[in-house]
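The structure under discussion appears below in the form of structure tokens.
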Amino acid sequence: MTSFVADTHALVWHLTNSTRLGRAARHAFAQADRGRATCQVPAIALVEISLIHERGRIRVGVAKILEALAPHPGWGVLPLDIEQTLEFAALPAIRDPMDRLVVAAARATGSRLISADAKLDGHGVERVWE
């Protein structure tokens, strides 16, 4: 089964039906919604959503995100673990710690990364977007 890790913005755009979501990203999320693929949400993405919500930049908070994902069989939350920490240490070229942890999660799980952020290319994960 295909495995994905969702970047923060991609997850929010999916759950808010944003037109900014790329075609391939939309398809990957639909597969996870149907249980035909797995999509992990790194714990750091939930932390980032909380921070963005506190600043008033998005209306949906962490509880609503988890509630929206719960009925869909292909979704899960990926806790931070030792493997991700080791991958994080191997990615000093990614300056933003949130991005670095999301890429580390994808690398540690051998998953494809759903993200619009092209600067995350070239770090050992396949990015899915267009």
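Rule-based calculations on the coordinates, nothing more; no lab input. What you see is a predicted model; the values in this text were computed from it and never measured. Neighbour counts run over all protein chains shown; Cβ positions are idealised from the backbone, glycine included.
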What does the stretch 53-120 give for Rg and for Dmax, in Å, if only its C-alpha atoms count? 13.8, 37
Per-residue HN-Hα couplings for the stretch 52-57, Karplus 6.51 cos²θ - 1.76 cosθ + 1.60 at θ = phi - 60°, whole Hz, x for Gly and Pro? 5, 5, 4, 7, x, 7
What residues qualify as long-range amide H neighbours of CYS39, i.e. H under 5 Å apart, gap of 5 or more or another chain, H built at 1.01 Å from N? PHE4, TRP75, GLY76
So what's the gap between the Cα centers of the stretch 107-124 and the stretch 49-81, to the nearest angstrom? 20
Nearest-20 debye value, the stretch 3-125 charge dipole, Cβ charges on Lys, Arg, Asp, Glu: 460
Projected label distance in nm at ASP121 and HIS27, using a 7 Å step from Cα toward the beta-carbon: 1.8
Hey, what do the phi angles of the stretch 10-23 turn into as Karplus ³J(HN,Hα) couplings, whole Hz, using 6.51/-1.76/1.60 and θ = phi - 60°, x for Gly and Pro? 5, 4, 4, 5, 4, 6, 9, 6, 5, 6, 6, 5, x, 4
According to the square roots a ≥ b ≥ c of the eigenvalues of the Cα gyration tensor, what is the shape class of the chain, taking rounded for a/c under 1.5, prolate for a/b larger than b/c otherwise, and oblate for the remainder? rounded
Using the Karplus curve 6.51 cos²θ - 1.76 cosθ + 1.60 with θ = phi - 60°, work out ³J(HN,Hα) for each residue of the stretch 27-39 in order, rounded to whole Hz, and write x for Gly and Pro. 5, 4, 5, 4, 4, 5, 4, 8, x, 8, 8, 10, 9
